[in-house]
Amino acid sequence: MLNMGAVTRGEKGEHVAKEPDVVRIKREKRERRVDPAPAGMTRRRFLTFLGAGSAALTAGSTGVLSTGQEGGGVRSAAAAAAQTSGGGAEAFFTPIEPTDEDDLILPEGFRYDVVRKWGDQITEDAPYGYNNDYVAYFPIDALNGGQSSQDGILWVNHEYADPKWVSEYQDGEKTPEQIAEEKAAVGGSVFRIQKSGDNWEFVEDDQYNRRIDATTPMDLTGPAAGSEEMEGADEVIGTLANCGGGVTPWNTVLTCEENFQDYYGASSDATETSRYRWNDDSDNAQPPEHYGWIAEIDPFDPESKPRKHTWLGRLRHENAAVTLSESGKVVVYTGHDQEDQRIYKFVSTGTYDPGNREANLDLLTDGMLYVANFSNGRWVALDYENNPIFSDNGFTSQADVLVRAPEAVAIQEGEDEEDVIGTPLDRCEDIEVASDGTVYAALTNNAKHGNFYGQILRITEAGNDPTAEEFAFEVFAAGGPQTGFASPDNLAFDRNDNLWIVTDMSSDKLNEGIYETFKNNGAFFMPAGTAGIGGDVFQFASGPVQSELTGPFFTPDGSTLFLAVQHPGEETKDTNEPTSTWPDGDIPRPAVVAITGFA
Ligand code: FEO
Ligand code: CA
Ligand code: CA
Ligand code: CA
């Protein structure tokens, strides 16, 4: 019988990846085939070129695309790629084939532990939340400059609570009890994990274990704190819609509120019932203006109060990619994940002091927010005091500009209707800064523009200075059958500068139509040095049915990769007939896993 189950379970719920027979047979066939690729070039590289979905950004790219479009098309693009990088980049693992199996599939030699899953506890009183997303690992000795890769604190975002599972909600008005259950399932989990032998284990009753959810009090900092727009509030209740995030050099986590409008609505002016109907319970409803921010949490101080930094703007924040300028200013890049929305960056006023964590904790409370204008390669300051365009267009204060940032950056500034302050893009998901300072942004897709497969942009700041007001950009890699991935979402660099990409094709579109060839969502590897054209892309993991793999994050020594498996079985209509049973074989449970097997 063919071995269809590519993952076998050992004791203690551990999972060992094996190459399934169907995959092995396909691979062996492929290896026997006469490869038409030029010598020194893998077949995958030969087929690599910028995908069909990149039309929306071709006009502005710096000529990378044109290489692939002249004369021999695919062939000349591949040849150019080989020239750029010396050719023949390889993965350090045997890539897997796309699959629609209901399991987390890994290459031979890799295995995973489920570290926490929905239904587990974090503290005696607080359960692990639903739909885990961003993951960050903090070495337990980080505050003393240590880099332990065996003992640490894990932060995990919980983006949303699928009501049919979390509160057993069916339809109609939501009860206060159901809303309370859902509030306890979003936010984030903080907990200690330790490696014992080859296994990663949750540490029960550890002093750092803590849940942050939609009921946790938080302070506001920056111009909107205490402002009229916030109804005078300098404290708000809870965080929600926690999608991507980032870590600061002083070892705190930034968690990003993305689709906040689904909870209490988009703004206090809107009266409609929100998607999750948390405004059904008027006693517990909160002003929508208190959400859509980036919150900072100190995982090393369980008593610390989280803070939402309003200088970073209010929008559907996907992520927060943090870097330092040579002068020590903190720069945070953040994307707004919505069709035709923008990329922003925050630049701090103060500078980082490696010897003063207390002072560093205030660095995000003062600075300036910028939006990217790709038509002229400039960062435009959202500076109410010094740019009259905002008051001329009805904004009344810096707080107002930050609270309504997406409206402020859509102000027309020239004669042409399309000449607006910030350039609309194709749904920016994650942003990462590479070790050489270049900035990578995943634009996942935008059906409105015929961009179905998405692409990854590379932004180079003038003088390689993250505080620069000018930048250049190019399309670095594009989704499509040629590269084997579609709808890039989270990104991560490993310590060798290899790029890791996870995909988010919508659950309702997976395994059919133009997405059929990609099968389930997965994780992909692009070796360092394949710069310029998209290089080789190798599939490393495939997620369970209707899941999305999120939050790739490595331990400092590169020996463990954490991934969060989000929304397995998302298209389930009847909870008695789930479309996925990962990880335990009964009902689907979002879970964070630790993958080992890296050399
Ligand atoms: Fe929550 Fe844009 O992904
Ligand atoms: Ca995402
Ligand atoms: Ca990332
Ligand atoms: Ca996504």
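The values are calculated or read from the model by the stated rules, or taken from the named source; none is laboratory data. As the structure is a prediction and not an experimental result, all values here were calculated from the model. Using ideal geometry, Cβ is built from the backbone for each residue, glycine included, and neighbour counts are taken over all protein chains shown.
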* Counting only residues that are farther than 19 Å from Glu429 by Cα and crowded, with 20+ Cβ neighbours inside 10 Å, which one in segment 227-247 is nearest to ligand 1 (Cβ to nearest atom)? -> Thr239
* Hey, could you check segment 429-447 for residues that are surrounded by 24 or more Cβ atoms within 10 Å (Cβ to Cβ) and either acidic (Asp, Glu) or more than 20 Å from Ser325 (Cα to Cα) (or both) and say which is nearest to ligand 2 (Cβ to nearest atom)? => Glu429
* Quickly run through segment 414-438 and pick out the residues that are within 16 Å of ligand 4 (Cβ to nearest atom) and over 13 Å from the mean Cα position of the chain (by Cα). => Leu425, Asp426
* **Answer residue from segment 398-449, given it is of a type outside the set (A, V, I, L, M, F, W, C) and in a strand (DSSP E or B) and is nearest to ligand 1 (Cβ to nearest atom) among those** => Glu429
* To do: Would you check if there is a residue in segment 554-569 being outside any loop (DSSP other than H, G, I, E, B), away from ligand 4 (no atom under 16 Å from the Cβ) and either surrounded by fewer than 23 Cβ atoms within 10 Å (Cβ to Cβ) or at pLDDT below 95 (or both)?
  => yes
* **Residues located in segment 296-344, provided they are in contact with a helix residue (DSSP H, G or I) (Cβ under 7 Å, 6 or more places away or on another chain), within 16 Å of ligand 2 (Cβ to nearest atom) and not hydroxyl-bearing (Ser, Thr, Tyr)** => Leu315, His336, Glu339, Gln341
* Structure fact -> Flagged in segment 458-497 as of a type outside the set (Val, Ile, Thr), away from ligand 4 (no atom under 16 Å from the Cβ) and part of a strand (DSSP E or B), in numbering order, are Arg458, Glu461, Glu470, Phe471, Ala472, Phe473, Glu474, Phe476, Ala477, Ala478, Gly480, Phe493
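Going by the conditions given, is Ser348 part of a loop (DSSP other than H, G, I, E, B) and in contact with a Ser or Thr (Cβ under 9 Å, 6 or more places away or on another chain)? Even if it seems obvious, please write down each step before you answer.
Details: part of a loop (DSSP other than H, G, I, E, B): no; in contact with a Ser or Thr (Cβ under 9 Å, 6 or more places away or on another chain): yes.
Considered against the rule, which asks whether it is part of a loop (DSSP other than H, G, I, E, B) and in contact with a Ser or Thr (Cβ under 9 Å, 6 or more places away or on another chain), Ser348 comes out as no.
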* Structure fact -> Going through segment 483-502 in order, the residues found to be under 21 Å from Thr555 (Cα atoms), away from ligand 3 (no atom under 13 Å from the Cβ) and polar (S, T, N, Q) are Asn496, Asn498
* **Matching residues, segment 230-253, being part of a loop (DSSP other than H, G, I, E, B) and either within 16 Å of ligand 2 (Cβ to nearest atom) or closer than 30 Å to Ala492 by Cα (or both)** => Gly238, Thr239, Leu240, Ala241, Thr248, Pro249, Trp250, Asn251, Thr252
* Structure fact -> With criteria (1) in a strand (DSSP E or B); (2) away from ligand 4 (no atom under 16 Å from the Cβ); (3) closer than 23 Å to Glu461 by Cβ, Gly529 comes up short on (1)
* Structure fact -> Selection over segment 88-144 where residues are within 16 Å of ligand 2 (Cβ to nearest atom) and over 22 Å from the mean Cα position of the chain (by Cα) yields a count of 0
* Checking Ile533 against (1) farther than 17 Å from Pro163 by Cα; (2) at pLDDT 95 or above, which test does it fail? -> (2)
* Asked: Condition test on Met505, is it touching a helix residue (DSSP H, G or I) at 6+ places or on another chain (Cβ under 6 Å) and of a type in the set (A, V, I, L, M)?
  -> yes
* Could you tell me whether segment 347-369 includes any residue that is within 16 Å of ligand 2 (Cβ to nearest atom), more than 18 Å from Ile297 (Cβ to Cβ), touching a residue at least 24 places away in the same chain (Cβ under 8 Å) and surrounded by fewer than 17 Cβ atoms within 10 Å (Cβ to Cβ)? => no
* Are any of the residues in segment 254-265 part of a loop (DSSP other than H, G, I, E, B), touching a residue at least 40 places away in the same chain (Cβ under 8 Å) and surrounded by fewer than 22 Cβ atoms within 10 Å (Cβ to Cβ)? -> yes
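Rundown of residues vs (1) in a loop (DSSP other than H, G, I, E, B); (2) at pLDDT 95 or above; (3) out of contact with any Pro (no Cβ under 9 Å at 6 or more places or on another chain), yes/no style:
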{"position": "Thr94", "(1), (2), (3)": "yes, yes, no"}
{"position": "Pro107", "(1), (2), (3)": "yes, yes, no"}
{"position": "Arg116", "(1), (2), (3)": "no, yes, yes"}
{"position": "Ala136", "(1), (2), (3)": "no, yes, no"}
{"position": "Tyr160", "(1), (2), (3)": "yes, yes, yes"}
* To do: May I ask you to verify whether Gly145 is away from ligand 1 (no atom under 16 Å from the Cβ), farther than 24 Å from Asn319 by Cα and among the small types (Gly, Ala, Ser)?
  => yes
* Asked: Among the numbered criteria (1) in contact with a Gly (Cβ under 7 Å, 6 or more places away or on another chain); (2) not in a loop (DSSP other than H, G, I, E, B), which single criterion is violated by Gln194?
  -> (1)
